[in-house]
Each structure stands twice: as structure tokens, then as C-alpha cells.
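Please read the structure below before turning to the comments.
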Amino acid sequence: MFALIMIGSFGLATLALPILETSLSDSLAFFTLGGLEVLIGLIAMSLMRDPSTNALFYMKFMPHLVLLIHFPASLLLLWISSVRHDGVSAFSINYIFIYWMFLLLFAVVSRLTYCVHQRRFHKALD
């Protein structure tokens, strides 16, 4: 399960690449592959029964990873796109908001899953 969660995290990086393009048809492969990877990670987190210590630590750290790595990287990619195409395209602006929703969804689900497993662990100890 930990490997599937990691695949979901890698999917977030793949989903960031279409920010560099000017239309959806140019980046449909990245969007499809990244979307499937994120979906696999979200399903793995929701179906997990007894997570390993590594998986719990990663789920606890995931919101910080999104905030410190994926979010600034998306802003950097938007800046690179604006320099490369002499201004920011409408597709890039629209897509970056969709990408930020994916980041928010992945961070919230990982945090909620971590809290559920922590509560279950504390109930087992009592």
C-alpha cells in the first residue's frame, strides 16, 4: 500500500507538467497519466486497513510536502510558461487552479486518513 501512495504522490508531479503547455491537446498524456496515478494513491489511502509505520509517517508528512514542494514548483512552472510563451496563456491559468484543487484534495485525504488511523491506534492501546 505504501508503494501505491507513493505512486499517487508521483502523479502530482506528473500533473504539474501541463502548466508549461498552451492547450489541453498538447498535454493530454501527462494529464491522463498523472490523474490515474493520483487516483491510485487516493484509492490506496482510503482502502488501507493497517498501514505500516512508513505509510503513516508519509501520510502525516504529505500536506507539508504539498505546501513546500508541489505548490512552489507549480508557481515556478507557471513563470517558466509565461516567459516561454510571452505571457501566461488562459489554459495555464485555468489549469493551475485545477492542479491546486488536486493538491488540496490529496493533502486533505492524506491528513484525514492519517487522523483516522491515529485514532484507531490510540483506541487499540486503551
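The values are calculated or read from the model by the stated rules, or taken from the named source; none is laboratory data. This one's a predicted model, so the numbers in the text were calculated from it and none came from an experiment. With ideal geometry, Cβ positions are generated from the backbone for all residues, glycine too; neighbour counts draw on all protein chains shown. Calculation scope for accessible area: heavy atoms of the full protein, side chains included, ligands and nucleic acids excluded. Shrake-Rupley method; radii C 1.70, N 1.55, O 1.52, S 1.80 Å.
Residue separation of T32 and T53 scaled by 0.36 nm, minus their Cα-Cα distance, works out to 4.5 nm of gained length.
Ranked by accessible surface with a 1.4 Å probe, highest first, in what order do W79, W100 come?
I get W79, W100, largest accessible area first.
The orientation-averaged projected area of the convex hull spanned by the Cα atoms of the chain comes to 7.3 nm².
Stretched out straight at 0.36 nm per residue, the stretch from L104 to L68 would grow longer than its current Cα-Cα span by 11.7 nm. Rounded to the nearest 20 debye, the dipole size of the chain about its Cα centre is 540 debye, using +1 on the Cβ of Lys and Arg and -1 on the Cβ of Asp and Glu.
Between S25 and C115, the contour length at 0.36 nm per residue exceeds the alpha carbon distance by 28.5 nm. Angle of helix 28-47 to the longest C-alpha principal axis of the chain, folded into 0 to 90 degrees and rounded to 10: 10°. Taken along the Cα-to-beta-carbon direction at a fixed 7 Å, the label points for F61 and V88 span 3.1 nm.
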